[in-house]
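Here the structure comes first, spelled out in structure tokens, and everything after it is commentary.
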Amino acid sequence: MSAQSKQARWTDLFIRKPVLAIALSAVIAILGGYGLSSLTVREYPKLVSTSISVNTAYPGASPQTIQSYITEPLSRVLGSVPGLNYLTSSSSQGQSSITLNMRLNTNPDAALAQTLTKIKQIEPQLPKDSFPPSVNASSGHRTALMYIAFYSPNDSMRTPQIVDYVVRNVQPRIQTVPGVAEAQIVPPSVSGGNGNNQAVRIWLDPLKMAAHQVTAADVRNALSAQNVVAAIGKTKGPLISIPLTSNLELNRAEQFKKLVITTVGNTPIYLEDVARVEMGAENYDSRFYFDGHLSVAIGIQTTPSANALDTAMGVSKQIEALRKQLPPGLAVGLPYNAATFIDSSIHEVVTTISITLAVVMLVIYLFLGSFRGLLIPGIAIPLSLAGAGFFMFLSGYSYNLITLLAFVLAIGLVVDDAIVVVENVHRHIDAGRSGFQAAILSARELTMPIIVMSTTLVAVFLPVIFTGGLTGILFSEFALTMIFAVLVSMVVALTLSPVMSGHFLRHTPRQGLAYILERAYNRLNHGFDRSLHGFLEIPSAGLVFIVATLIAVYFMFTSVRHELSPPQNSDVIFTVNNVQPDASPGYIRLYAKQVLDVLNSLPEKAHSFMVTGFTPAGAGSNGFFAGVTLKTGNPHERTAEQIKPKLQAALNKIAGVQGAAFTPPPLPGSAGLFPIDFVITSDSPFKTLEQIAGQVLAAARRSGKFLFIRKNLKIDQPQYDIRINRRLAADLGISMREIASNLQTLLSGAYINRFTHNGYAYQVVPQVPMNYRGTRQALKQIYLRSASGRMVPLSTLVSFKIRVIPQALPQFNRLNSVSLQGVQFPGVSEGDALAFLKTATEKVSPTVNVNYSGASRQFIEQGDTFMVSILLAIVLIYLLLAAQFNSFRDSLIILFTVPMAAVGALLLMTPGLASLNIYTQIALITLVGLITKQGILVVQFANDLQHDEGMGLREAVEKAASIRLRPVLMTTLAMVLGVIPLITATGSSAPPRNQLGIVIAAGLGIGAFFSLYIVPLMYLYLARDAASMRET
């Protein structure tokens, strides 16, 4: 018996008073049960990703006008909003779109308040005919959490009627659901506001107007003058006060027909004389389809801090309640619900936890061959996880994909402590000691190793907590959950586990499974002893192996693919599609039907949906957005990642359509659509930027690295410049303001004012029909009034010149920009793709600047945080071990296990079985803690054997390695086999778990095998020889 074993320890108290250990564990179980039952469920740890959109409509205005008079002034003041990460803007025909992407965890309310304040400063300078800026703060996702479709199966309700119903009855109820930032009605209105609602459409006939000597300005003035909203007030006498109202405002579409425009002689000219008046829609450019039905949809955007699962559940409850109240001829469907994917992912991880626990217990049983021995870790593991759950509750954490993943790995970590205790007590019992004596001795022997192992694991995960950026925010809960579990496990291992081991374990029988397993293990142990002894006979070979390993780690690490996150098996595929810039709405629908046919032909299709004249990427109305949700539950069906390349190939075959298939970003906080979002900025003109981007785009397509790639700057939009003969106009007494007023009224589609009906206000929109504005020749039929009262055709005053302009004018941080957006081929990492684009850009034009947006920006900002974290973890472990062993040499010996684990993991990462991403980075950091635990056991026991039993250096380390072989094998196999469910997982969020499991299994399995020989070897070279020191 060693001197250390003879010394009384504080652990003796719990063994001598087992009720105390049981009571302490019961407290942990009760508090843990309360904590676990109180945790909420989310997809990811709480992360505030704020995106503030500022949209300003100016119907009819050109992109350059929008840029000069709206986007630039607004961007100038919004660029100074505190907490801004980057600002993007796009100026297109009639629309300014500015997006403020805030830094992660910026206070969304403060950011929104600052944005509104800045806009108020500049709003008086905006054009008076433009709409007020629409400001909305959301979680930053370009696609909605849910799309809810309302349609008429028998076509008994027109789209404007459905919109009106949705605005009145559905939208108010959904907007009250906690977590809903915006219930956006699709198709949108001209201003992008509250859906394409009903409106009084006044279709002006230029020929009838000329015949009646009426101009568009006359119509505009009449509508403004004779449809008036006024707050008249009330009578107020000495005793009685009565509110006043009037019929100044029109409230039925039929009333507009009898509105007097002007009087020619004594004859009044009514609006119906020169126009067709009807109750129509604000916008005829956009339509939404759900499973082929013309529909109206609501897109649910969440607030920055919303819990997506809770929000989706609240919206679903409202929809179910509304379903019972729908009018005849109206139905509701759910084209897309991201919460279904989230819920499926959560359940898959919970299932993995159960399987992992069962596998670990099976491994322990196969080593011990005893159900009695299985009971100790069977209680220690759930007790440790429960204790962690209580501290998670105190910290405000939740069940999410990250913390549940921590539970999976924590099973393998906390079982180590229980295995070490069970194995050591079992060894003493087999040596002839009683259960009580074995428990006392084991607790004394293992107090320091268990504390050292636990604190080492704490040191491993501490740097993750302080890591900045996305990794730090996402995985700080992971790290602290692991720390909580490890610390609780340490307490259980030093209090309850020895008590239970001493009470339940028995001497190995001379027959049965336990005896067979014991004999097999003894043979294995003898074989290991011989191989270790032979290995230490030629230490130079071991040193060469170590040097080769260190060199291999460097070269393999530099060749591993880098990406932010593996793609997930999404249950939806989106497509963004663009057609020629001068395509009419009808022409766009012809293209859209072809894309919809491709989506509907997929065997895995559950639902399809599409909106024309609109894309989440913005920039013009010559595009459409479509999506297909996939059937789930059939393992033989293709995943989204398998479908995407073939779908992209089918889109490429549709002539006239530039389509891109993509899935939602795998991580929160991304404001983009595509995984590749590479930005080129410059103060050069857009034409120069477009030429540079064109050359880079051509190189990218030739490289074969991209499944799809496009640029968002296209100078291909035909535009007519109306050149006015100012001298002739002056001679005729026609002012520029009058010409502008007439053309804007006839062509822009902007509303003049509103009228109320049943408590809601609707727009009044005059415009000429399409046949009078379809071509340049048609515009010649427009007439103006000269100062003499004579009607003058527009063609006598103007000439037309055609030129080509950009469809939209994009800017990044107020600089002219062009973005290359795309999807890399399967097998090409995000890092490789971005590196190629950067190199290609530098070759084409070294003077431009490059930047990144969306998921690409997340990847770049991630940078070297992993290397900093893992180096800091190694330094902390080294210093902690040095302090606990009182030796810099011993801590260095233990750290030689780290490159062994690293080379094991990289052996499978280098061929492409896993990439370097935030999940595998966490796996590598976890490996550092797992592998050093094995070195700690061997070094601690070797030191004790030298000091307490007077063994020599080599004899001590060989015996220590032999004694600790069984716990090392048990803990290693328990962890390696415990992550097999991660490796074999299928379903929604499987790829990240697959790669994490591969890295841990390979790193720990191969690293542990090498470390069994490398640690004793380095111990011979670096450890102090206690015998020599005594002689000295």
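With equal scatterers on the alpha carbons only and no solvent term, can you work out the Debye log10 of I(q)/I(0) for region 648-752 at 0.22 1/Å?
Debye intensities relative to I(0), on a log10 scale: -1.26.
Using a basic spin-label model with each label point 7 Å from the Cα along Cα→Cβ, how many nm lie between Thr245 and Val544?
Simple spin-label model gives 10.0 nm for this pair.
Given 0.36 nm per residue, what is the gain on full extension from Ala787 to Ala835 after removing their alpha carbon distance, in nm?
10.8 nm
From Cα coordinates alone, what are the radius of gyration and Dmax values for region 180-311 in angstrom?
Over region 180-311's Cα set, Rg and Dmax evaluate to 21.7, 68 Å.
If the convex hull of the alpha-carbon atoms of region 754-794 is projected onto planes in all directions, what is the mean projected area in square nanometres?
The orientation-averaged projected area of the Cα hull of region 754-794 comes to 4.6 nm².
For an R0 of 51 angstrom, estimate the FRET efficiency from the Cβ-Cβ distance between Ile516 and Ala699 and round to the nearest 0.05.
On the way: r = 66 Å, r/R0 = 1.29.
E(calc), rounded to 0.05, equals 0.20.
How big is the Rg/Rh ratio for region 344-499, C-alpha atoms only, Rh by Kirkwood, two decimals?
Computed over Cα atoms, the ratio is 1.02.
Compute, for region 532-621, the length of the dipole vector about the Cα centre, with Cβ point charges of +1 (Lys, Arg) and -1 (Asp, Glu) only. Units Debye, rounded to 20.
Working: 4 positive and 6 negative charges, 51 e Å.
About 240 debye.
List the residues of region 439-462 whose backbone N lies under 16 Å from a point placed 7 Å from the Cα of Ala883 along the Cα-to-Cβ direction.
The answer is 451-462.
Give the angle, between 0 and 90 degrees and rounded to the nearest 10, that separates the Cα long axis of helix 371-394 from the longest principal axis of the Cα atoms of the chain.
40
Rank Val572, Ile551, Val228 by how far each Cα sits towards the positive end of the charge dipole of the chain (+1 on Lys, Arg Cβ; -1 on Asp, Glu Cβ) and give me just the farthest.
Going by the charge dipole, the pick is Val228.
What is the Å³ per residue value for the convex hull set by the Cα atoms of region 473-560?
So the per-residue hull volume is 221 Å³.
Determine the relative contact order of region 50-138: mean sequence separation of Cα pairs under 8 Å and six or more apart, normalised by residue count, in whole percent.
Computed over region 50-138, the figure is 46 percent.
In µm²/s, what is D for region 66-193 at 20 °C and 1.002 mPa s, where D = kT/(6 pi eta Rh) by Stokes-Einstein and Rh is the Kirkwood radius from Cα pairs?
The diffusion coefficient I find is 127 µm²/s.
Under unit Cβ charges (Lys, Arg +1; Asp, Glu -1), what dipole magnitude, rounded to 20 debye, does the chain have relative to its Cα centre?
In total the dipole reaches around 1860 debye.
For the pair Gln121 and Ile451, what calculated FRET efficiency results from E = 1/(1 + (r/R0)^6), where r is the Cβ-Cβ distance and R0 = 45 Å, to the nearest 0.05? Intermediate results must be reported in sequence, preceding the final value.
Numbers: r = 60 Å, r/R0 = 1.34.
Rounded to the nearest 0.05, the efficiency is 0.15.
No solvent, one uniform scatterer per C-alpha: report log10 I(q)/I(0) for the chain via the Debye equation at q = 0.05, 0.06, 0.09 1/Å, two decimals.
-0.42, -0.57, -1.02
To test your reading of the geometry: what angle, between 0 and 90 degrees and rounded to tens, separates the Cα axis of helix 108-122 from the longest principal axis of the chain?
For helix 108-122, the angle is close to 30 degrees.
Give the Debye-formula value of log10 I(q)/I(0) at each listed q (0.22, 0.25, 0.27 Å⁻¹), with one equal scatterer per alpha carbon of region 960-1002, two decimals each.
For region 960-1002, the Cα-only Debye profile gives -0.67, -0.76, -0.83.
Normalised by the residues of the chain, what does the relative contact order come to in percent, with Cα pairs under 8 Å and at least six apart? Working shown, then result.
Details: 1988 pairs, mean separation 173.5, N = 1032.
Computed over the chain, the figure is 17 percent.
May I ask for the distance between the Cα centers of region 974-996 and region 23-75, given as a whole number of Å?
29
Report, in whole Å, the centroid distance computed from the Cα atoms of region 778-855 and region 252-289.
Spelled out, the Cα-based centre of one part sits 36 Å from the other.
Around Gln717, which amide H atoms from residues at least 5 apart in sequence, or from another chain, sit under 5 Å from its own amide H, with H modelled in the peptide plane?
Ile805, Gln807
So between Tyr554 and Asn154, what do we pick up on full extension, going 0.36 nm a residue minus the alpha carbon distance?
137.3 nm
Ranking Thr984, Thr558, Thr972 by Cβ neighbours within 10 Å, fewest first, what do you get?
Ranked by crowding around the Cβ, least crowded first: Thr558, Thr984, Thr972.
Rounded to the nearest 500, what is the chain's calculated 222 nm mean residue ellipticity when only DSSP H runs of at least 4 contribute -39500 (n - 2.57) each, over all residues?
The helix-only estimate for the chain comes to -17000 deg cm²/dmol at 222 nm.
Using label points projected 7 Å from each Cα along Cα→Cβ, tell me how many nm separate Arg76 and Met313, to one decimal.
That separation, rounded to one decimal, is 5.0 nm.
Give me the tail of P(r) for region 254-378 as a percent: Cα-Cα pairs with distance above 21 Å.
Working: 5522 of 7750 pairs.
For region 254-378, the share of Cα pairs beyond 21 Å comes to 71 percent.
What list do you get for Arg252, Arg201 if you sort them by fewest beta carbons within 10 Å?
Arg252, Arg201
Using a Cα-Cα cut-off of under 18 Å, which aspartates and glutamates could be cross-linked to Lys653, ignoring same-chain neighbours fewer than 8 residues away?
Within the straight-line cut-off, Lys653 pairs with Asp597.
Report, to the nearest 10°, how far helix 338-368 tilts away from the longest principal axis of the Cα atoms in the chain, using its own Cα long axis and a range of 0 to 90°.
The angle comes out near 10 degrees.
Between Arg323 and Glu254, what is the FRET efficiency for a Förster distance of 41 Å, r being their Cβ-Cβ separation, to the nearest 0.05?
Approximately 0.75, to the nearest 0.05.
Taking the Cβ of each residue in Lys17, Lys644 as the centre, tally the other Cβ atoms inside 10 Å and list the residues starting with the fewest.
With the fewest neighbours first, Lys17, Lys644 line up as Lys17, Lys644.
Could you work out how far the C-alpha centroid of region 648-727 sits from that of region 86-148, in angstrom?
Centre-to-centre distance over Cα atoms comes out at 23 Å.
Would you mind giving the average projected area, over all directions, of the Cα convex hull of region 50-138 in nm² with one decimal? Provide the component values of the computation, followed by the final result.
Numbers: hull surface 19.5 nm².
About 4.9 nm², averaged over all directions.
Each reported figure results from applying straightforward, stated rules to the coordinates on display, with no laboratory input. Since we're looking at a predicted model, the values are computed, not measured. With ideal geometry, Cβ positions are generated from the backbone for all residues, glycine too; neighbour counts draw on all protein chains shown.
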